Amino acid sequence: LNEVLRTILESMDRSLGFQRVLFCLRDPRSGAMTGRFGLGAEAQQVAAQFRIDLSPSSADLFALVCKKGADTLISDASVPNIAERLPEWYRLQVGAPTFLLLPMSLRNAPLGLIYADRARAGEIAIGERELSLLRTLRNQAVMAFKQASP
């Protein structure tokens with residue numbers, strides 16, 4: 001499973017030249033989505049900062065994206081209505097100006113998240129074809145989880 005996930009992240013990183021790509025997984029004990037591993041600039045340190053509260057009361061951007069299962073591209077995280085929705089840990093510890101969120105769900109519940117970013121606002125430009133390929137890779141990750149769990 002880890003090998004499949006790493007291959008998926010490598011494919012995303014190489015194809016679109018992200019600054020970093022991270023994989024987050026829901027922790028069954030706490031229910032929070034936590035960073036597990038990644039590729040790129042300071043990926044392990046950044047992954048360690050990821051802790052997305054998925055409780056019903058949580059309304060930050062990352063939690064909403066994970067709960068709704070909505071693929072999301074943020075071109076400029078400094079735009080006021082976006083910046084105010086970012087969790088404090090992200091603003092203080094990560095602070096990438098542009099990022100992509102590809103949530104993963106299993107049985108209609110949040111399972112994981114693939115996060116990718118770039119160093120300058122507006123640097124992630126993804127067309128429909130690229131987005132379709134990224135979704136295919138994400139869906140392969142979900143399939144790997146389905147096969148790994150009883």
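The values are calculated or read from the model by the stated rules, or taken from the named source; none is laboratory data. Here the structure is a predicted model, which means the values were calculated and not measured. All Cβ positions, even for glycine, are placed from backbone atoms using ideal geometry, and neighbour counts span all protein chains on display. For accessibility, only protein heavy atoms count, side chains too; no ligands or nucleic acids. Shrake-Rupley method; radii C 1.70, N 1.55, O 1.52, S 1.80 Å.
Quick look at the values:
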{"read-out": "Positions within region 1-34 being among the small types (G, A, S) and open to solvent by less than 10 Å² (accessible area, probe 1.4 Å), in sequence order", "value": "A32"}
{"read-out": "Subset of region 110-128 [free of Cβ contacts under 8 Å to residues at least 12 places away in the same chain and open to solvent by 60 Å² or more (accessible area, probe 1.4 Å)]", "value": "A125, E128"}
{"read-out": "Selection from region 29-57 of residues that are of a type in the set (S, T, N, Q) and under 11 Å from the mean Cα position of the chain (by Cα)", "value": "T34"}
{"read-out": "Yes/no for F99 being buried (at least 20 other Cβ atoms within 10 Å of the Cβ) and either closer than 19 Å to G122 by Cα or among the β-branched types (V, I, T) (or both)", "value": "yes"}
{"read-out": "Residue count, region 61-86 (criterion: in contact (Cβ under 8 Å) with a residue 24 or more places away in the chain, over 19 Å from A119 (Cβ atoms) and more than 14 Å from the chain's Cα centre (by Cα))", "value": "1"}
{"read-out": "Test set (1) open to solvent by 10 Å² or more (accessible area, probe 1.4 Å); (2) in a loop (DSSP other than H, G, I, E, B); (3) not aromatic (F, W, Y) - L131 fails condition number", "value": "(2)"}
{"read-out": "Scope region 53-105; condition in a helix (DSSP H, G or I) and of a type in the set (S, T, N, Q); matching residues", "value": "N81, Q93"}
{"read-out": "Filtered residue count, region 9-34, keeping only those that are assigned to a strand (DSSP E or B) and free of Cβ contacts under 8 Å to residues at least 60 places away in the same chain", "value": "1"}
{"read-out": "Criterion violated by R6 - all others in (1) more than 16 Å from V142 (Cα to Cα); (2) of a type in the set (K, R); (3) without any contact (Cβ under 8 Å) to a residue 40 or more places away in the chain satisfied", "value": "(1)"}
{"read-out": "Residues satisfying the stated conditions in region 2-11, i.e. farther than 10 Å from L39 by Cα and within 14 Å of the chain's Cα centre (by Cα)", "value": "L5, I8"}
{"read-out": "Unique match (being open to solvent by less than 50 Å² (accessible area, probe 1.4 Å) and of a type in the set (D, E)) among D76, D71", "value": "D71"}
{"read-out": "Region 35-50: number of residues that are in a helix (DSSP H, G or I) and either touching a residue at least 12 places away in the same chain (Cβ under 8 Å) or open to solvent by less than 20 Å² (accessible area, probe 1.4 Å) (or both)", "value": "5"}
